[in-house]
1. Given the conditions (1) more than 23 Å from residue 12 (Cβ to Cβ); (2) surrounded by fewer than 13 Cβ atoms within 10 Å (Cβ to Cβ), and given that residue 80 satisfies all but one, which numbered condition is not satisfied?
2. Restricting to segment 83-114, give me the number of residues that are exposed (fewer than 14 other Cβ atoms within 10 Å of the Cβ) and on the phi < 0 side of the Ramachandran plot.
3. Checking the condition at negative phi, without any contact (Cβ under 8 Å) to a residue 60 or more places away in the chain and surrounded by 17 or more Cβ atoms within 10 Å (Cβ to Cβ), which residue from 33, 43, 52 passes?
4. Taking strands (runs of 3 or more DSSP E) that fall entirely within segment 64-117, which contain at least 2 residues that are touching a helix residue (DSSP H, G or I) at 6+ places or on another chain (Cβ under 8 Å) and modelled with pLDDT under 90?
5. What number of residues within segment 1-17 are within 12 Å of the chain's Cα centre (by Cα) and either crowded, with 17+ Cβ neighbours inside 10 Å or under 8 Å from residue 112 (Cβ atoms) (or both)?
């Protein structure tokens with residue numbers, strides 16, 4: 001029998017304007033008292049988006065470094081979201097985190113989630 005997970009949204013959806021320069025770091029913090037372990041990332045634009053995250057440590061001001069799109073022969077610490085996504089890519093994340101993104105004229109939607117099971 002297959003195992004199915006259901007996700008519940010536990011915070012406001014954050015929209016980040018993505019351009020050819022890395023966005024300003026945005027901190028994603030869930031609402032309520034749920035322990036957030038997942039987050040949905042949705043790119044409805046027509047070009048890929050690179051996303052960089054860093055766990056937010058209470059009492060510090062560290063933020064995610066600039067997102068970088070990898071190029072031929074070079075690597076990046078960012079993960080890549082495909083184009084024209086019809087559903088969010090769900091990723092494991094720290095409970096609260098800082099995020100930056102880069103692409104071209106897209107909007108990135110970020111949705112904190114928890115596993116309902």
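The values are calculated or read from the model by the stated rules, or taken from the named source; none is laboratory data. Since we're looking at a predicted model, the values are computed, not measured. Ideal geometry is used to build each Cβ from the backbone, glycine not excepted, and the neighbour counts take in all protein chains shown.
1. Of (1) more than 23 Å from residue 12 (Cβ to Cβ); (2) surrounded by fewer than 13 Cβ atoms within 10 Å (Cβ to Cβ), only one is false for residue 80: (2).
2. 5
3. Testing whether each residue is at negative phi, without any contact (Cβ under 8 Å) to a residue 60 or more places away in the chain and surrounded by 17 or more Cβ atoms within 10 Å (Cβ to Cβ) leaves just 52.
4. none
5. Of all residues in segment 1-17, those within 12 Å of the chain's Cα centre (by Cα) come to 13-16.
Right, trim to either crowded, with 17+ Cβ neighbours inside 10 Å or under 8 Å from residue 112 (Cβ atoms) (or both) and you get 16.
Adding up the residues that qualify gives 1.
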